[in-house]
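Enquirer: First the structure, which I've put down as structure tokens, then a few questions once you've had a look.
The values are calculated or read from the model by the stated rules, or taken from the named source; none is laboratory data. Please read these numbers as outputs of a predicted model, since none were measured by experiment. Quick reminder, even Gly has a Cβ in these numbers, built from the backbone with ideal geometry, and neighbours come from all protein chains shown. All accessible areas refer to the heavy atoms of the entire protein, side chains included, with ligands and DNA or RNA removed. Shrake-Rupley method; radii C 1.70, N 1.55, O 1.52, S 1.80 Å.
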Amino acid sequence: MFAVYAKEPNADDPLASLVVGERPDPEVPDGWVRVSVRAASLNMHDLWTLRGVGIKPDQFPMILGCDGAGVTDDGSEVVLHSVVNDPAWRGDDTLDPKRTLLTEKLQGTFADSVVVPARNVLPKPPGLSFAEAATMGTAWLTAYRMLFVKSGLRPGQTMLVQGASGGVSTALVQLGRAAGFRVWVTGRSEEKRALAERLGAHATFEPGTRLPERVDAVFETVGKATWAHSLKSLKPGGIVVVSGSTSGPDPSADLQRVFFLQLRVAGSTMGTRDELADLLSYVDLKGLRPQVGTELPFSEAARGFTDMLDGRTAGKIVFTR
């Protein structure tokens with residue numbers, strides 16, 4: 001079958017390992033289902049896979065893509081849940097020590113078809129296109145958990161999103177505005193800040209700008225480049241929710257500020273199947289449509305990877321067929 005895959009790990013030049021070609025058709029074990037992929041979105045996780053992070057060398061070649069939407073063999077239109085748990089696990093999907101994501105041990109979604117456990121498919125809301133639905137399982141689920149499960153924010157409070165144009169950031173803006181929060185965003189360019197405002201941000205700022213007032217929560221996916229500003233922007237007792245570190249994982253912790261102002265730091269990773277079900281219902285009820293910045297055929301995947309690597313994003317990059 002057609003597939004976009006990583007042939008080997010390459011930490012220094014990840015795109016050199018990207019192949020658009022053919023891979024064997026997958027087998028379907030008992031209790032699993034085959035999904036004919038109609039759309040799949042690109043995530044930073046895919047670049048990390050090309051670099052060999054979070055995957056053992058003997059797992060290559062690996063079909064990329066850790067989320068998507070498509071059609072099962074019985075004709076059902078579905079959205080994929082990317083977190084695959086040990087069959088014996090009970091509890092929060094994200095806390096299972098044996099959990100894995102598609103593209104870590106299991107082949108991913110950038111292909112004609114993908115095989116997943118039956119519990120990992122959920123009905124696609126009819127109001128979402130396949131391209132829009134393909135953003136739900138990673139970027140939007142991550143944003144949903146950060147905002148509604150981890151932050152403890154109440155409607156009317158103020159939130160700051162660090163970074164204006166990535167998939168998680170744009171989802172946070174849209175979800176936060178719909179839920180009744182005051183949404184502030186930082187962005188590196190006028191174009192990125194304008195995008196955030198179009199999606200619902202009440203105000204946007206250049207990175208590192210002193211804000212008009214301190215906020216109740218900061219949502220972090222950038223890491224080292226914005227961490228000091230995130231802590232300085234919080235009210236006493238405020239919280240920073242972090243789900244990524246694209247600029248580096250090792251900023252100063254600034255512990256004096258953390259303990260003196262009683263700040264809270266909460267990590268957040270992906271989300272559970274139940275949270276994805278609630279997210280899909282919420283998006284459907286609110287009539288939300290995710291920001292798809294670029295839609296490309298799978299055959300042009302290299303262009304999408306290059307754009308993400310160079311930071312040329314305006315929402316999600318989605319591959320379709």
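Enquirer: From the list ALA171, ALA196, exactly one residue is more than 21 Å from ARG264 (Cα to Cα), touching a Pro at 6+ places or on another chain (Cβ under 7 Å) and not acidic (Asp, Glu). Which is it? Steps first, answer last, please.
Expert: Details: ALA196 fails: touching a Pro at 6+ places or on another chain (Cβ under 7 Å).
Answer to the selection: ALA171.
Enquirer: Considering only residues of the stretch 269-305 that are of a type in the set (Lys, Arg) and over 18 Å from GLY315 (Cα atoms), which is nearest to the chain's Cα centre (by Cα)?
Expert: Top of the filtered list is ARG273.
Enquirer: Kindly indicate the residue of the stretch 294-309 that is of a type in the set (S, T, N, Q) and part of a helix (DSSP H, G or I) and also least open to solvent (accessible area, probe 1.4 Å) among those meeting that condition.
Expert: Residue satisfying both the conditions and the ranking: THR306.
Enquirer: A further question on this structure: Scan the stretch 7-35 for residues that are of a type in the set (Phe, Trp, Tyr) and out of contact with any helix residue (DSSP H, G or I) (no Cβ under 7 Å at 6 or more places or on another chain) and jot them down.
Expert: Correct list: empty.
Enquirer: Right, here's the next one. Taking GLY271, is it modelled with pLDDT of 95 or more and under 29 Å from LEU80 (Cα atoms)?
Expert: In short, yes.
Enquirer: Mind checking whether some residue in the stretch 200-209 is open to solvent by 30 Å² or more (accessible area, probe 1.4 Å), closer than 18 Å to PRO155 by Cβ, touching a residue at least 12 places away in the same chain (Cβ under 8 Å) and among the charged types (D, E, K, R)?
Expert: no
Enquirer: Of all residues in the stretch 87-111 being open to solvent by less than 50 Å² (accessible area, probe 1.4 Å) and part of a loop (DSSP other than H, G, I, E, B), which is nearest to ASP274 (Cα to Cα)?
Expert: The selected residue is ASP92.
Enquirer: Given the conditions (1) in contact with a Ser or Thr (Cβ under 7 Å, 6 or more places away or on another chain); (2) under 21 Å from TRP140 (Cα atoms), and given that ALA225 satisfies all but one, which numbered condition is not satisfied?
Expert: Checking ALA225 against (1) in contact with a Ser or Thr (Cβ under 7 Å, 6 or more places away or on another chain); (2) under 21 Å from TRP140 (Cα atoms), the one that fails is (2).
Enquirer: Going residue by residue through the stretch 122-135, is there one that turns out to be basic (Lys, Arg), open to solvent by less than 30 Å² (accessible area, probe 1.4 Å) and either within 21 Å of THR226 (Cβ to Cβ) or in contact with a His (Cβ under 7 Å, 6 or more places away or on another chain) (or both)? Even if it seems obvious, please write down each step before you answer.
Expert: Let us first name the residues in the stretch 122-135 that are basic (Lys, Arg), namely 124.
If we keep only those that are open to solvent by less than 30 Å² (accessible area, probe 1.4 Å) as well, we get 124.
From what's left, either within 21 Å of THR226 (Cβ to Cβ) or in contact with a His (Cβ under 7 Å, 6 or more places away or on another chain) (or both): none.
No, the stretch 122-135 has no match at all.
Enquirer: Moving to a separate point now. Six or more apart or on different chains, Cβ under 9 Å: which pairs go from a residue in the stretch 239-260 that's of a type in the set (A, V, I, L, M, F, W, C) to one that's open to solvent by 50 Å² or more (accessible area, probe 1.4 Å) and not in a strand (DSSP E or B)? Could you list them?
Expert: If the second residue must be open to solvent by 50 Å² or more (accessible area, probe 1.4 Å) and not in a strand (DSSP E or B), the pairs left are ILE239/LYS150; ILE239/GLY152; VAL241/LYS150.
Enquirer: For the list (1) in contact with a Ser or Thr (Cβ under 6 Å, 6 or more places away or on another chain); (2) open to solvent by 70 Å² or more (accessible area, probe 1.4 Å); (3) acidic (Asp, Glu), I need the number of the one condition that ASP250 fails.
Expert: The single condition ASP250 does not satisfy is (1).
Enquirer: Return yes when GLY244 is modelled with pLDDT of 95 or more, in contact with a helix residue (DSSP H, G or I) (Cβ under 9 Å, 6 or more places away or on another chain) and surrounded by 14 or more Cβ atoms within 10 Å (Cβ to Cβ) and no when it is not. Break it down into steps so the answer makes sense when it comes.
Expert: Working: modelled with pLDDT of 95 or more: no; in contact with a helix residue (DSSP H, G or I) (Cβ under 9 Å, 6 or more places away or on another chain): yes; surrounded by 14 or more Cβ atoms within 10 Å (Cβ to Cβ): yes.
Spelling it out, it is not the case that GLY244 is modelled with pLDDT of 95 or more, in contact with a helix residue (DSSP H, G or I) (Cβ under 9 Å, 6 or more places away or on another chain) and surrounded by 14 or more Cβ atoms within 10 Å (Cβ to Cβ).
Enquirer: Is there any pair linking a residue in the stretch 99-113 that is acidic (Asp, Glu) to one that is assigned to a strand (DSSP E or B) and open to solvent by 30 Å² or more (accessible area, probe 1.4 Å), with Cβ under 7 Å and at least six apart or on different chains, and which?
Expert: So the pair list comes out as ASP112/PHE2; ASP112/SER36.
Enquirer: Another question about this same structure. Hey, among the residues in the stretch 20-55 that are within 23 Å of ALA131 (Cβ to Cβ) and among the β-branched types (Val, Ile, Thr), which one's most open to solvent (accessible area, probe 1.4 Å)?
Expert: VAL20
Enquirer: Moving on. Can you name the number of the only condition in (1) surrounded by fewer than 21 Cβ atoms within 10 Å (Cβ to Cβ); (2) of a type in the set (Gly, Ala, Ser); (3) part of a loop (DSSP other than H, G, I, E, B); (4) touching a strand residue (DSSP E or B) at 6+ places or on another chain (Cβ under 9 Å) that GLY271 fails?
Expert: Answer for GLY271: the failing condition is (1).
Enquirer: Going through the stretch 21-77 one residue at a time, which ones are modelled with pLDDT of 95 or more, among the aliphatic types (A, V, I, L, M) and in a loop (DSSP other than H, G, I, E, B)?
Expert: Selection gives VAL28, LEU42, LEU64.
Enquirer: Same structure, new question: If I ask for residues that are out of contact with any strand residue (DSSP E or B) (no Cβ under 7 Å at 6 or more places or on another chain), closer than 19 Å to ASP46 by Cα and either of a type outside the set (A, V, I, L, M, F, W, C) or open to solvent by less than 10 Å² (accessible area, probe 1.4 Å) (or both), which ones from the stretch 139-169 would you list?
Expert: The answer is TRP140, LEU141, THR142, ALA143, SER165, GLY166.
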